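Quick note: the coordinates plus some simple rules give every number you see, no bench work behind them. Quick caveat: nothing in here was measured; it's all calculated off a predicted structure. Every residue, glycine among them, receives a Cβ derived from its backbone with ideal geometry; neighbour counts consider all protein chains shown.
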Amino acid sequence: MSKIAIFMADGFEEIEGLTVVDIVRRAGVQIDMVSINSRLEVKGSHDIQIRADKIIADINPDEYNMLVLPGGKAGTENLENCDQLLDLIGGFYGAGKYIAAICAAPSIFAHRGFLMGKKATCHPAFEEHLEKGGAFLTRNPVEIDSGIITGQGMGASIAFALAITGIMAGSEKADSIAEAICYRAPAE
């Protein structure tokens, strides 16, 4: 069975994190909200407090098929300052397992060289990080390239979550959820 870990840091963008949790759970995919703090409580960028399912010190990375990073400027900075998380991401990337990030968080992948030569997207304020990291910046709402999923920002949260759902539960399930929640992809 597919299982995802989404990492929550103080300052995370609530819509980006919780939309992924909501949509993949609707698909029947298990997702653990994992706090990078030593406590379960995490405060989002708009002072919305959530209670994570686990703390990073207590997870077994072998149980997961994908790691997800929500954005938010402060949240992204806190994620990038967590050595244990960076080691996990590096291990997943090295093993060819899925990693995903939205908004500011794709910059973490760029800083590690994971986006070199790959299509990617992020919040416009962080595009320079991706370009310096060798990414082919598309400015699309969502990009998937070589096991890396990137999302542009809060407005792309549903599309990002549906892309993750499509990978983990299949495109038919993702399409069914999109229909049930009245989501219409933007016209190209």
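Using square roots of five times the C-alpha gyration tensor eigenvalues, list the equivalent-ellipsoid semi-axes of the chain in whole Å, biggest first. Could the numbers behind the result be given before it?
On the way: eigenvalues 88, 81, 53 Å².
Computed over the chain, the values are 21, 20, 16 Å.
Given H placed 1.01 Å from N in the peptide plane, which residues other than close sequence neighbours of I102 have an amide H under 5 Å from its amide H?
Residues meeting the amide H criterion: L69, G71, G151.
How large is the direction-averaged shadow of the alpha-carbon convex hull of the range 33-113, in nm²? Could you put the intermediate results ahead of the total?
Numbers: hull surface 20.3 nm².
For the range 33-113, averaging the hull's shadow over all directions gives 5.1 nm².
Cross-link partners among aspartates and glutamates for K97, C-alpha distance below 13 Å, same-chain residues fewer than 8 apart left out?
Cross-link targets: D62, E63, D145.
Using amide H atoms built 1.01 Å from N in the peptide plane, name the residues 5+ places from K119, or on other chains, whose amide H lies under 5 Å from its own.
F136
I need the Kirkwood Rh of the range 135-178: take the reciprocal of the average 1/r across all distinct C-alpha pairs and report it in angstrom. Provide the component values of the computation, followed by the final result.
Working: mean 1/r = 0.0928 Å⁻¹.
Here the Kirkwood hydrodynamic radius works out to 10.8 Å.
Out of the trypsin sites (Lys or Arg not before Pro) in the range 100-188, which ones are loop residues according to DSSP with at most 12 other C-beta atoms within 10 Å? Intermediate values should be presented prior to the final figure.
Working: sites: R112, K118, K119, K132, R139, K173, R184; in loops: R112, K118, R139, R184.
Passing sites in the range 100-188 are R139, R184.
Which entries in K54/K119; K3/K132; K73/K173; K118/K173 show an alpha-carbon gap greater than 29 Å?
On the way: K54/K119 32 Å; K3/K132 32 Å; K73/K173 32 Å; K118/K173 27 Å.
K54/K119; K3/K132; K73/K173, as the Cα separations exceed 29 Å there.
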